[in-house]
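Inspection log for the structure reproduced underneath, given as structure tokens.
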Amino acid sequence: MMTKVMNVAMIGGGFMGKAHAMAYAAMPMFFWPAPAIPHRKVVVDVTDSAAETARLRFGFDEASSDWRAVIARPDIDVVDICTPNNVHAEIAIAAAKAGKHIICEKPLARTVEEARAMAEAVKQAGVIHMVAFNYRRTPAVALAKKYIDEGRIGRILNFRGTYLQDWSADENGPLSWRFQKKIAGSGTVGDIGTHVVDLAHYLVGPIESVNAMTRTYVKTRPIQQGGVDKLGASEKSSGGERAEVDVDDEVVSMLKFESGAIGSLEATRNAWGRNNFITLEIHGTKGSIAFNYERRDELQVMFADDPADARGFRTVYTGPAHPYGQGLWPIPGLGIGYSETKIVECHDFFSAIATGKQPSPNFNDGLSCELVADALLRSGETGLWEAVGK
Ligand code: SOE
């Protein structure tokens, strides 16, 4: 069987561009036969020189600073959106109209309106679409989903999800686009809170309403001196000019799920000492599951019907016996990283194209996350329980 080669146009050659380009190269090395061979055809960035640098680094054939012209090309099969949030909608809608399959970085959009327009555009176009909430693709998280679907921890009663980082804890960290509402849409809520929302939707089901507190502790930051997204850098010596942060730093919320389960969500990028601390703890009527991304090869599981003398959490170390294990490394212990989550994501996206079946999370799931983000931000303002819109 000949595996089809598909040409990818990647828009955005920054941090996420690096992750996606690596996944394009590596996916067929891990998953064989591959659902398709992604060919790194054109990379687009804001200037010709940035695009040329990205082409050299990330192994694309061509470089361009004109995404509209690239999207219009008949030889492009897939458009990959790795830009800041403010242009996701415009690019995705144009790509859908041009009949391209689309993978878009998270959060899907800045607002519910944009996300809805994107979901409508891909529906009209009949193309395959995916939003890159990659943490679902961690084998231990997919294993948690398998246990839940098999009923092994019973009916879910409570979900506790956190996402803590510290790259913006330094008040002299620069005012990247991630602190500007007109570009990012929101702060922590959209950037990392939506990852927790996506995991909650994946594992437990739709969130019905939220009661949140949001805070912005660092009200101004130094204007960034060159570079576009200097995560964690300090600009103390940059001349001192500062500008306003108009998005949230932190969110803490109670959650009610449509299923009747309850839960909580916390997210911040200001928690000193926490790097990529995504934790999930879920208990049901027959057991519990706990996960910490900083120990991402492990899933903690407690089954209530274990013999009394063996009662307690056990650590399941993921490997070939677990979800995605046949494609990833051949023995447990070799380790799963951020790149592997992106490789699996790439595999699932091209499998969806090959089979014509929409993947999950797709733009409709991205819209669902946006609706929860909107409710979190509204509740942060009103202090009240806010229903998640439809
Ligand atoms: C910054 O908070 C960031 O790069 C997020 O935007 C990503 O979604 C997350 O995976 C890593 O941290």
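The values are calculated or read from the model by the stated rules, or taken from the named source; none is laboratory data. Because the structure is a prediction, the values reported are computed rather than measured. Cβ placement follows ideal geometry from the backbone for every residue including glycine, while neighbour counts extend to all protein chains displayed. Note: accessible area is taken over every heavy atom of the protein model, side chains too, but ligands, DNA and RNA are not part of it. Shrake-Rupley method; radii C 1.70, N 1.55, O 1.52, S 1.80 Å.
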Inspect region 141-160 for any residue being within 16 Å of the ligand (Cβ to nearest atom) and farther than 21 Å from Gly380 by Cα and give the result as yes or no.
yes
Hits in region 132-146 - residues which are small (Gly, Ala, Ser) and closer than 16 Å to Arg314 by Cα
Ala140, Ala144
Okay, helices (runs of 4 or more DSSP H) sitting entirely in region 120-236 with 3 or more residues that are modelled with pLDDT of 95 or more and open to solvent by less than 20 Å² (accessible area, probe 1.4 Å), I get 139-149, 194-203
Tally time: how many residues in region 363-383 are open to solvent by 20 Å² or more (accessible area, probe 1.4 Å), in contact (Cβ under 8 Å) with a residue 40 or more places away in the chain and touching a strand residue (DSSP E or B) at 6+ places or on another chain (Cβ under 7 Å)?
3
Looking at (1) hydrophobic (A, V, I, L, M, F, W, C); (2) assigned by TED's automatic domain parsing to the domain that holds Ala36; (3) more than 20 Å from Pro38 (Cβ to Cβ), which is the only condition Val78 fails?
(3)
Filter region 237-247 for residues that are surrounded by 15 or more Cβ atoms within 10 Å (Cβ to Cβ) and at pLDDT below 95 and give the result.
Ser238, Arg242
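Kindly provide the set of residues from region 174-198 that are within 17 Å of Tyr135 (Cβ to Cβ) and either within 12 Å of the ligand (Cβ to nearest atom) or not assigned by TED's automatic domain parsing to the domain that holds Gly383 (or both), ordered by number. Please lay out each step first, then the result.
Step one: of region 174-198, the residues within 17 Å of Tyr135 (Cβ to Cβ) are 188-198.
Hits for region 174-198 are Thr188, Val189, Gly190, Asp191, Ile192, Gly193, Thr194, His195, Val196, Asp198.
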Of the numbered conditions (1) under 27 Å from Trp329 (Cα atoms); (2) assigned by TED's automatic domain parsing to the domain that holds Ile103, His129 satisfies every one except a single condition; which is it?
(1)
